[in-house]
Amino acid sequence: MVRVGCHVSIAGSIDQAVGRAVERGCDTFQIFSRNPRGWKAKDLDAGAVAAFRERVSASGIDPVFDHMPYLPNLASSNDEIHGKSVAALAAELRRCELLAIPYLITHLGHHGGAGTESGHGRVVSAINRALVEAEGGTMLLLENTAGEKNSVGTTVEELRLIMDGIEATERIGVCFDTCHAFAAGYDLRTRDGIEAVLGAFDEQIGLDRLKVVHLNDSRGDLGSRLDRHEHIGLGFIGEEGFRLLLRRPAIRALPLICETPVDGRRGDAGNIAKVRELAG
Ligand code: ZN
Ligand code: MN
Ligand code: MN
């Protein structure tokens, strides 16, 4: 049995996310704890926090993931943006503590032309600062990116380099996004390709640091560097790729979160059912 779920909306009030996850048949789910398109977050309402925590425990869903909003850029070479991004990351870690969410997922940002090395240094200092500012048990998960222009954290080697710079090693893990990896050039359609990426991951980072998989098919072809998600099995990775992936013990033991589209072809429950079918 695999643990699978999807991203759900907190519209109305954050505790309403739990009912939506249950409706879709989630064993695990992900949220944005606030509007992902703004810098400012409204403080969480104490009643909604209590209701969220109660509903999560009553549902049996475990674990819950929070995802960082879009605007913060940990790799920015601009001091003002970098500072605001550190503050946003620390604030989000604190929200996770309040909500009893064990994992916060973040992208590593864009260096804006300053170069990969500069980007890595900025990300490392941002994370070290935020983890000092926001104490607690929430683990920060670094998500691999599709390799769009100037983006940081696309390869296993890059994630390893960044993790090496982080002081609180026990508070850092990884989120592996299958669409991003495929777009970045990791071939997840074949046994050999899957073997290669998981082998590199294990050797350089350690599979024990992998805490969640963002299970998304890809609308862009191998190495396209396009961050466009597709329904499971209907994109360039395809059903056979997911069947092979989901057969790997290192993958099927992890919480699997679909960040797939909702359209006339399929919704969240449909993708979750497809994952269960392909996992056997
Ligand atoms: Zn993400
Ligand atoms: Mn993702
Ligand atoms: Mn994406």
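Return the residues of region 259-280 that are surrounded by fewer than 18 Cβ atoms within 10 Å (Cβ to Cβ) and touching a strand residue (DSSP E or B) at 6+ places or on another chain (Cβ under 7 Å); say none if nothing qualifies.
Listed by number, the residues that qualify are E259, R276.
Could you list, in sequence order, the residues of region 77-86 that are open to solvent by 10 Å² or more (accessible area, probe 1.4 Å) and either in contact with a Gly (Cβ under 8 Å, 6 or more places away or on another chain) or free of Cβ contacts under 8 Å to residues at least 12 places away in the same chain (or both)?
Answer for region 77-86, where residues must be open to solvent by 10 Å² or more (accessible area, probe 1.4 Å) and either in contact with a Gly (Cβ under 8 Å, 6 or more places away or on another chain) or free of Cβ contacts under 8 Å to residues at least 12 places away in the same chain (or both): S77, N78, D79, E80, I81, G83.
For region 131-153, which residues satisfy the criterion of being within 16 Å of ligand 1 (Cβ to nearest atom) and of a type in the set (D, E, K, R)? Outline the logic, then answer.
Filtering region 131-153 for residues within 16 Å of ligand 1 (Cβ to nearest atom) gives 139-148, 151-153.
Within region 131-153, E143, E148 qualify.
So, in region 96-130, of the ones that are open to solvent by less than 40 Å² (accessible area, probe 1.4 Å) and either within 18 Å of I10 (Cα to Cα) or acidic (D, E) (or both), which residue ends up nearest to ligand 1 (Cβ to nearest atom)?
Among those residues, the one meeting the criterion is I105.
Among the residues that make up region 247-258, is at least one of them within 16 Å of ligand 3 (Cβ to nearest atom) and either open to solvent by 60 Å² or more (accessible area, probe 1.4 Å) or closer than 22 Å to R160 by Cβ (or both)?
Here is the first cut: in region 247-258, the ones within 16 Å of ligand 3 (Cβ to nearest atom) are 256-258.
If we keep only those that are either open to solvent by 60 Å² or more (accessible area, probe 1.4 Å) or closer than 22 Å to R160 by Cβ (or both) too, we end up with none.
No.
What are the residues in region 233-266 that are in contact (Cβ under 8 Å) with a residue 60 or more places away in the chain and either farther than 23 Å from K211 by Cβ or in contact with a Pro (Cβ under 8 Å, 6 or more places away or on another chain) (or both), if any?
If the condition is that a residue be in contact (Cβ under 8 Å) with a residue 60 or more places away in the chain and either farther than 23 Å from K211 by Cβ or in contact with a Pro (Cβ under 8 Å, 6 or more places away or on another chain) (or both), then P255 is the only one that fits.
When residues of region 13-52 are filtered for being closer than 24 Å to A87 by Cα and open to solvent by 50 Å² or more (accessible area, probe 1.4 Å), how many remain?
Of the residues in that region, 8 qualify.
Residues R228, R191: which one is open to solvent by 60 Å² or more (accessible area, probe 1.4 Å) and either touching a strand residue (DSSP E or B) at 6+ places or on another chain (Cβ under 8 Å) or at pLDDT below 95 (or both)? Even if it seems obvious, please write down each step before you answer.
On the way: R191 fails: either touching a strand residue (DSSP E or B) at 6+ places or on another chain (Cβ under 8 Å) or at pLDDT below 95 (or both).
On inspection, the qualifying residue turns out to be R228.
So, R209, is that one open to solvent by 30 Å² or more (accessible area, probe 1.4 Å), within 25 Å of E157 (Cβ to Cβ) and within 15 Å of ligand 2 (Cβ to nearest atom) or not? Walk me through it before giving the result.
On the way: open to solvent by 30 Å² or more (accessible area, probe 1.4 Å): yes; within 25 Å of E157 (Cβ to Cβ): yes; within 15 Å of ligand 2 (Cβ to nearest atom): no.
No.
Listed here are the residues, each with its yes/no results for (1) of a type in the set (V, I, T); (2) without any contact (Cβ under 8 Å) to a residue 24 or more places away in the chain; (3) at positive phi.
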position: L71; (1), (2), (3): no, no, no
position: A88; (1), (2), (3): no, no, no
position: L98; (1), (2), (3): no, no, no
position: I105; (1), (2), (3): yes, no, no
position: E117; (1), (2), (3): no, yes, no
position: V123; (1), (2), (3): yes, no, no
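The values are calculated or read from the model by the stated rules, or taken from the named source; none is laboratory data. No experiment lies behind these values; they were computed from the predicted model shown. All Cβ positions, even for glycine, are placed from backbone atoms using ideal geometry, and neighbour counts span all protein chains on display. In case anyone asks, the SASA skips ligands and DNA or RNA and just uses the protein heavy atoms, side chains included. Shrake-Rupley method; radii C 1.70, N 1.55, O 1.52, S 1.80 Å.
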